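What follows is one structure encoded as structure tokens, with my remarks underneath.
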Amino acid sequence: MADVVVVKSWRDELASLVEDSGIRFAADAIEISTPAFSTPVYEEKRSVYESPATEEVAAEPESFKDQIEGFAKAWGEMLVELVRGCRDVVQQSLLTEESYIVQKTKGPLGEVSRRLSVLNELLPEDRDPVHAWPVIFFVFILALSALSVNSKQDTSGTQVKEVYIHPPCATRIVLPDGRHMAYHEIGVPPDSARYSVIAPHGFLSSRLGGIPGVKMSLLEEFGIRLITYDLPGFGESDPHPERNLNSSALDMQYLADGLGVNGKFWLLGYSSGAIHVWAAMKFIPDRVAGVAMFSPFVNPYESSMTKEEMAGTWEKWTRKRKLMYYLARRFPKFLDYFYRCRFLSGKHGQIDKYLSLSLGQKDKALISEPSFEEFWHRDVEESIRQGSSKPFIEEASLQVSNWGFSLVDLQIQEKCSGKGILSWLKFGYGQVKCELTGFLGPVHIWQGLDDQVVPHQMTDYVARILPRVVMHKLPDEGHFSYFFFCDECHRQMFLTIFGSPQGPLENSSDAPTEDDGEQEATNLGEEEATNLDLAAQ
């Protein structure tokens, strides 16, 4: 018992906490014992004591990458546990035999499983269909996604093409206000032209547009001189400080005078280029012999359009195009950002992507042909030559803003001088002079019924407002398919408006007068006047 008490004494407890120094306490005497190899043992123990501290100092701190990996592993483990918990909850609550979902879906799923069970024969015998088919389905979806991503990347890579600005090569004339206008003419020479045709271009186009793919031999056969020009700010034409549709009509008149076009000339309007033709019919009707238009654009905000005509027009357009028209009408300055990101970015793209167009089958097939792509790229490069978005913003605003007139103003009406009872009495005695107002020349419009760029509801509106217009509806044709690179279509167009081909003029005696080339206009005008006289009588 005494030994046990000694072992548990405070001295022994204290001694156990320190190194053995060789000092022994026994009763009142103190013994000092010198252990063998004391110094080496001390040094060895000291080295053993100091080594952990050295290892702690030498340990490198944990890197940020290791911290991220540890954090991700911890979150992954938590998500796995969460999924397992949700799975258990679903199995215990929703997938029991008594649950509503199992009772409603057990029968149909069992029938589907029974019909698809024949596919299990394709699996190896040691594979469980419940485990094998989900894995096969997942791998199939993953492979399909990878293939679609690679195909999109390859397609986009082949379509990228840099825009090349060609050296200036246009012929220009000086207008009365000092501006220069660039123009381009093909066909027969001026002195042998039987018909002079002026064609203003549309949005994102230039003087190189004209009639895409028209044959020189066809123009010579009909004796046509085709004149195209760059609108202000486009191509090599100087911008106009205050451009509107009235100034656009005057520009055409100045161009005709500067190029020696005597008398009247024909106008050809395609798509949005038709807005300048409408303006010429309003502001310079005495210089226009006749009009031919293909899918002519009409202001979609025209107040005289019915709800059905307006709804049929807007529903064919994409959301982006609707937004462009809204910005052009309300906030045109915001268009600068969109235009610079698209066709002013220095990269070529497809026409439907550039202009946010929805196309029919024939149009999609046409724009994929190399001839169309080559023509389109060259025309765009000439159109954006000046690198400014201002002319495009002006053109877009002109399309949807107030034109300063309505198509109703182009209707042929009888206008008599004088008002009141006195004019009525003079009319009874045949002393009142009346004249026809509006556009008196012939108007032909070709419209594709599968056109989703300028829907046929627009030309339905034109036919209702201007009943004298001759409509040529083209089933299954789109916006580009009839007008671009179609020799037979071009020939049919010229036969319709000019009649049988007579070739170029041989001498000055054969030079056409103002009435030549517009016999249809004269006949229609006389018929209209006769009808009005009969109605008045």
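Restricting attention to the range 437-458 and to residues that are assigned to a strand (DSSP E or B) and out of contact with any helix residue (DSSP H, G or I) (no Cβ under 6 Å at 6 or more places or on another chain), the residue that is modelled with the lowest pLDDT turns out to be T437.
One line per residue, one yes/no per condition, for (1) of a type outside the set (A, V, I, L, M); (2) open to solvent by 10 Å² or more (accessible area, probe 1.4 Å); (3) touching a Cys at 6+ places or on another chain (Cβ under 7 Å); (4) at pLDDT 95 or above:
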residue: K215; (1), (2), (3), (4): yes, yes, no, yes
residue: F222; (1), (2), (3), (4): yes, no, no, yes
residue: F234; (1), (2), (3), (4): yes, no, no, yes
residue: P239; (1), (2), (3), (4): yes, yes, no, yes
residue: A256; (1), (2), (3), (4): no, no, no, yes
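Filtered by the rule that a residue be of a type in the set (D, E, K, R) and either assigned to a loop (DSSP other than H, G, I, E, B) or closer than 20 Å to Q452 by Cα (or both), the range 342-372 gives R342, D352, K353, K362, D363, K364, E369. Within the range 368-392, the only residue that satisfies the criterion of being farther than 21 Å from D230 by Cβ and open to solvent by less than 30 Å² (accessible area, probe 1.4 Å) is F372. Cβ-Cβ contacts under 9 Å between residues 6 or more apart (or on different chains), taken from a first residue in the range 164-175 that is within 28 Å of S345 (Cα to Cα) to a second residue that is exposed (fewer than 12 other Cβ atoms within 10 Å of the Cβ), are listed as I165/G387.
Checking the structure you have, find out if any residue of the range 476-484 is of a type outside the set (S, T, Y), in contact with a strand residue (DSSP E or B) (Cβ under 7 Å, 6 or more places away or on another chain) and either open to solvent by 40 Å² or more (accessible area, probe 1.4 Å) or under 12 Å from F222 (Cβ atoms) (or both). If you could, list the steps in order and put the result at the bottom.
At the first step, the residues of the range 476-484 found to be of a type outside the set (S, T, Y) are 476-480, 483-484.
If we keep only those that are in contact with a strand residue (DSSP E or B) (Cβ under 7 Å, 6 or more places away or on another chain) as well, we get 477-479, 483.
With either open to solvent by 40 Å² or more (accessible area, probe 1.4 Å) or under 12 Å from F222 (Cβ atoms) (or both) added as a condition, the list becomes none.
No: zero hits.
Just one residue in the set G360, G404, G349, G387 is modelled with pLDDT of 90 or more and closer than 16 Å to S205 by Cα; that residue is G387.
Of the residues making up the range 301-325, those that are surrounded by fewer than 16 Cβ atoms within 10 Å (Cβ to Cβ), assigned to a helix (DSSP H, G or I) and over 15 Å from the mean Cα position of the chain (by Cα) are K307, E308, A311, W314.
The values are calculated or read from the model by the stated rules, or taken from the named source; none is laboratory data. All values reported here derive from a predicted model rather than from experimental measurement. Cβ sites come from the backbone with ideal geometry, for glycine too, and all protein chains shown count toward neighbours. The accessibility values were calculated without ligands, DNA or RNA, using every heavy atom of the protein model including side chains. Shrake-Rupley method; radii C 1.70, N 1.55, O 1.52, S 1.80 Å.
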